[in-house]
1. In sequence order, what are the phi-derived ³J(HN,Hα) couplings for the range 146-153 according to the Karplus relation 6.51 cos²θ - 1.76 cosθ + 1.60 with θ = phi - 60°, rounded to whole Hz, with x for glycine and proline?
2. Which one, 317, 266, 227, is farthest towards the positive end of the dipole of the range 184-333 when Lys and Arg carry +1 and Asp and Glu -1 on their Cβ?
3. log10 I(q)/I(0), Debye, Cα-only the range 212-351, no solvent, q = 0.14, 0.19 Å⁻¹?
4. For the cross-link pairs 213/417; 380/409; 378/434, which exceed 24 Å when the distance is taken from alpha carbon to alpha carbon?
5. To the nearest Å, what is the center-to-center distance of the range 98-117 and the range 215-259, using C-alpha atoms only?
6. Starting from the Cα-Cα distance between residue 187 and residue 410, subtract it from 0.36 nm times their residue separation and give me the gain in nm to one decimal.
7. I'd like the accessible area for residue 111, computed on protein heavy atoms only with a 1.4 Å probe and all protein chains in place. Round to 10 Å², please.
8. Over the range 289-447, give the accessible area per residue in Å² for a 1.4 Å probe, as an integer.
Amino acid sequence: MAANRRMKRMASSQPGFIKLKSVSGGDSLGSTRRKRLNKNKKKNWNKNIDINDVDEFLEDIRHQERTTGGLLSEKTDESLFFLDVGPPRKLNGKVKMRRGKPVRPLRIDLILQHDSLVPAPKDVLSYQLPNAKKLRRIAQKAEHLAAKGIVPRRQKKLLNLRPVEKTESKAVTDANNNPERDFYDIWAPEIKSTADPWYLQQTRKSRVKRPEKLNAKPSALPAVEVIAPGGSYNPDFFSHQALLQEAHDVEVKKQKAEDKLVRQLAVNKDHLATEETIFREQVEGLVEQEDDDNNDEKQEMMMALKKTEKDRRKERAEILKEQSRQADKEQTFRQQQLFQLRSIKTSIKQDEADTKVKQIQRKANQEAEKSQPRRLGKLKFQAQDLEVQLSDELAGSLRQLKPEGSVLKDRFKSMQKRNLIEPRERAKFKRRLKVKYQEKRAFREIT
């Protein structure tokens, strides 16, 4: 079979051999038979499809665009046809001649000449600008501000940086030994500058505005508080007794606070455990009680509490009746308010008077709080103990007076009281390593 096929190929390759189509040949049937493909798959959609007519149509359109610049069906008759009136007239002096014949263009120029009427594609990149959208928005904003008459900050800064032409000459300062010179008063009020505030701020010639909060004192108390007259080295009897009474009140208040703390921490004797309560707790849960009777009683109560349809209708009717009664009551109350205008006005005036009193009281409390220490940290302010001497400890003269208290501690407490620093307590020293005792040889020899 293979030999016969080889002989046929050799015979067909010889010159003068006439090819005949064999109907009964198996190869010809296999070559002309259409392949059966599965069209429900996307990869086989374009296989074995004749698209020559579509290609010819598209090629015809492209040819029309190249030659005429568009479709012939869309062109007018004047652009497609013309009237032949003979050979064109020769223009004198405009046609180049060589040896009596017009000069023809070179073939290379004809090849390089652009013969297509289709316009070249627009180069988009040559028209694009970096940050074009941002620049367009800035330009629109500048036009909007210029329409309002507002100068941008950058332009104003540049205008301020322009060199100013100095026409006035500098004033020559007089010598120090000139008796006719003007004197400068250092206590005179400062002359306000008339220059532009923005210019002074940018050139660092004006000070930064100090916040008003920094000018306000945190407390209305004086820096140094004068002690009461009873604290003098030789006080009056009544002044000294008043100071002693004040110190006594402070100590009584401290003692009451300690007693209250002891009472709160004290154990109530009724809450102490007895032998009976201990035994009851130990036995609890060991003895089982029958609850059948209780369960039956609960079931009977549940059956008794179950509502019937009649009870539910009666309950709904009572609810509707109560709602209508409440609505009538509110309507009657609104109608009666019309006849109570005088009493309502009186009550409004009374409320306004009460509000004014509360405002005055609130302002008074705020003024009082200015002289009180605030809570600045986790610790509360503890007032310093009063330095008081008893009647038998009073000295008759300054020579016999004994110094008491500490100036450093007094200033420290004053700063805490005036809300300058937060209340503090001394840090507790905690030894990290245990102290070891060692007996040396010299000590052992002595002992």
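1. Working through the residues one at a time gives 5, 5, 7, x, 9, 8, x, 5 Hz.
2. 227
3. -1.01, -1.24
4. On the way: 213/417 19 Å; 380/409 17 Å; 378/434 31 Å.
In this structure, 378/434 lie more than 24 Å apart at Cα.
5. 121 Å
6. Gain on extension, residue 187 to residue 410, equals 76.7 nm.
7. Its accessible surface works out to 110 Å², give or take rounding.
8. Accessible area per residue, the range 289-447: 102 Å².
The values are calculated or read from the model by the stated rules, or taken from the named source; none is laboratory data. The structure displayed is predicted, hence computed values, not measured ones. We place every Cβ from the backbone using ideal geometry, glycine too, and count neighbours over all the protein chains shown. These accessible areas exclude ligands, DNA and RNA; they are computed on the full protein's heavy atoms, side chains included. Shrake-Rupley method; radii C 1.70, N 1.55, O 1.52, S 1.80 Å.
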